[in-house]
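For reference, the structure discussed in these notes is given below.
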């Protein structure tokens, strides 16, 4: 079977290289395109900040849309058929805001799969219908084949994590793995995008399969936040100076760790409310929005003192002050990834840690209890918190009672949760690309 020329959206005729994608496409979309054009991967798991909006237009026409609409209208915008599935709405065509393209897709779907409205929302029957359509596309003559993308939202409910899957869930998992590993599908213009905010909600046999690519959708960068804030301020019809003490570039820099949908709340609450966005109100809003982004598992701590207020601990203070000076000068390659404060209860470990943040002049957060009694929930909570921290830097992260909070590599009696939590934290702490951006402060009375 001859390979079809790989193509994605980006111009009137589409593009054939990731480097040709429009400049407004996010970095994760370029990574997806690069893997797709390589011909080695046709299934992608998007996780992380999947509920946020994505930029869908260039500087001359800045627009933002939901993730599924971005995929359907932008990345696969030149393809013949994009089918979207979730448990609530079942199978349906996805064409963004293009009504003419939607009509064409419905006609194409009727030909290749049948009337989508007549199909049940049950995932077992929905995946079976898609599987039959995929077989027809693979077996069709080259000049009759269509370019088709399948988007499955909230895939954790279709192929959930855990060892006790029922027969239907096992069938879903095997079907998805068959699609991902098929060499015939990889030769065609066919792609599968599985979306879930929590990677740990998806069956590990699927997400860790070598034929499946995991791609994190991160929280927005400073440039993305600045562009979005500029568009939101313009939409209010007001000069930003009339309701804010900060200009748009300043807000873009100061709002690290906040999603675009929450930034819209920030701008509109200031523009349409009676309270001016001054320093006090901004700190209050930022604290609330970031804590909500982390679902209450991070708590902001505002350092009131620096290390000069600490009495005693001269050797520790000197080391910490030297490192603080290096961070202020931007010499991040020479600073440690974090610190371990050991000592009996009541000896000032927490106070010393917050004073470090005060001396450096960066925000400090306390990691609160992220553990849950539900299967997979603990790892999902930690995954979300780490995503927020990666986007916030520079930030000091204080973990009190670290021995109990993080566990250890060989912890037993909890179905392996403790070991997985330890591995996730250790992996993040060991990522040197965040040196000086995430400063870990582990406090414990039991360093053993």
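Laid out as a table, the results:
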item	result
Protection proxy ranking, peptides 64-73, 360-369, 317-326, average beta carbon neighbours within 10 Å, highest first	64-73, 360-369, 317-326
Nearest-ten-degree value, helix 349-360 long axis tilted from longest Cα axis of the chain	80
Relative contact order computed over the range 1-80 (Cα-Cα under 8 Å; 6+ residues apart), in percent	31
The chain - percent relative contact order, Cα under 8 Å, separation 6 or more	14
Estimated inter-spin distance, residue 98 and residue 334, nm [label 7 Å along Cα→Cβ]	5.5
The range 300-444: relative contact order as a whole-number percent, Cα under 8 Å and 6+ apart	33
Nearest 10 degrees, 0 to 90: helix 260-272 Cα axis against the chain principal axis	70
Potential lengthening between residue 238 and residue 322 on full extension [0.36 nm per residue; Cα-Cα distance subtracted]	25.7 nm
Sites residue 265 and residue 38 - FRET efficiency at Förster radius 41 Å, r taken between beta-carbons, to 0.05	0.55
Efficiency of FRET from Cβ geometry, residue 347 and residue 368, R₀ 30 Å, rounded to 0.05	0.85
Expected 222 nm ellipticity per residue - DSSP helices of 4 or more, -39500 (n - 2.57), all of the chain, to 500	-12000 deg cm²/dmol
Share, in percent, of DSSP beta bridges within the range 18-217 that are antiparallel, nearest 5	30
Spin-label model distance (nm) - residue 132 vs residue 423, 7 Å beyond Cα toward Cβ	4.0
Potential extension, residue 121-residue 283 segment - 0.36 nm per residue separation minus Cα distance	53.8 nm
Of all DSSP beta bridges in the chain, antiparallel share, percent nearest 5	25
Rounded tilt (10° steps) of 123-139 against the dominant C-alpha axis of the chain	60
Alpha carbon centroid spacing (whole Å) that separates the range 357-395 from the range 116-184	35
Protection-proxy order for peptides 194-202, 89-97, each taking the mean of Cβ atoms within 10 Å per residue, highest first	194-202, 89-97
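Read the figures in this text as sums done on the coordinates, not as results from a lab. Keep in mind that what you see is a predicted model, and the values were worked out from it rather than measured. Positions of Cβ are generated from backbone atoms using ideal geometry, with glycine treated the same way; all protein chains shown enter the neighbour counts.
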